[in-house]
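Each remark here refers to the structure printed beneath this line.
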Amino acid sequence: MSAPLTRVTTNMVLASFTSGALLHIDRAPPWCVGVALAAIAWHWLHGRGRLGLPPTALRLVLTLLLFAGIATSFRTLSGLAAGSALLLVMGAAKLLETRTRRDVAVVATVSLVLVLAACLDRQSLMRLPLYLASAWTALASIAAMGGARESASARRAYGTAGRALLLALPLAALCFV
């Protein structure tokens, strides 16, 4: 997993985290969504060579402040709302230290869990297309990292993720019944 990250993979992971974060825009505190969007912008600028990632000491202080902010906002760390907000800001903090394929895999997994948390919180057929698009984007970002070498194109990764979702559909329907 020490192979360098491609721009396609990095952009896909940023897109998946963005879509997962935006699913919580109406329920998470506005500052949590702001922190997530700021971290996304920072990492995007870093990928373009315009901004360096923050040093370790700053990341540690930021992580502690974010943790304290969630504890203060919710007065607890348990429950779906507090857990989703904590995952959102900690995913953003992880994005600020993402350099390796392992880090990217963690952020993509966080994106999938954010989709799951949104599904648990707001079960509506009207939101189903948003959930499917976000899950597809997160799975495509994982597919872009898959195998011995990274996929050369986003189209191939989205195709792989789409086939996986279609293959999982009968099992999902069976589990639903």
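Laid out as a table, the results:
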quantity	calculated
Ala41-Ala164 pseudo-label distance in nm [points 7 Å out on the Cα-to-Cβ vector]	3.1
Over the chain: helical MRE at 222 nm, DSSP H runs n ≥ 4 each giving -39500 (n - 2.57), nearest 500	-25000 deg cm²/dmol
Charge dipole of the range 1-140 about the Cα centre (unit charges at C-beta), most positive-ward option of Leu132, Val104, Ser19	Val104
Residue-normalised accessible area of the range 86-131, expressed per residue, 1.4 Å probe, Å²	46
Label-point gap, in nm, between Leu53 and Leu77 - each point 7 angstrom along Cα→Cβ	2.3
Per-residue ³J(HN,Hα) for the range 120-137, Karplus 6.51 cos²θ - 1.76 cosθ + 1.60, θ = phi - 60°, Hz, x for Gly and Pro	5, 7, 10, 8, 9, 5, 5, 8, 3, x, 5, 5, 5, 5, 5, 5, 4, 5
The chain: relative contact order in percent, alpha carbon pairs under 8 Å with at least 6 residues between	31
Local electrostatic count at Asp121 - Lys and Arg +1, Asp and Glu -1, tallied over other residues with Cβ under 13 Å	+2
Estimated distance in nm for a label pair at Val177 and Asp26, the labels positioned 7 Å out from Cα along Cα-to-Cβ	3.2
Accessible carbon and sulfur surface of the chain relative to its total accessible area, %, 1.4 Å	72
Square roots of five times the Cα gyration tensor eigenvalues for the chain, Å	26, 24, 12
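The values are calculated or read from the model by the stated rules, or taken from the named source; none is laboratory data. Keep in mind the model is a prediction, meaning the values are calculated, not measured. Every residue, glycine as well, gets a Cβ built from its backbone with ideal geometry; the counts of neighbours run over all protein chains shown. Quick note on the areas: whole protein, heavy atoms, side chains included, nothing else; ligands and nucleic acids left out. Shrake-Rupley method; radii C 1.70, N 1.55, O 1.52, S 1.80 Å.
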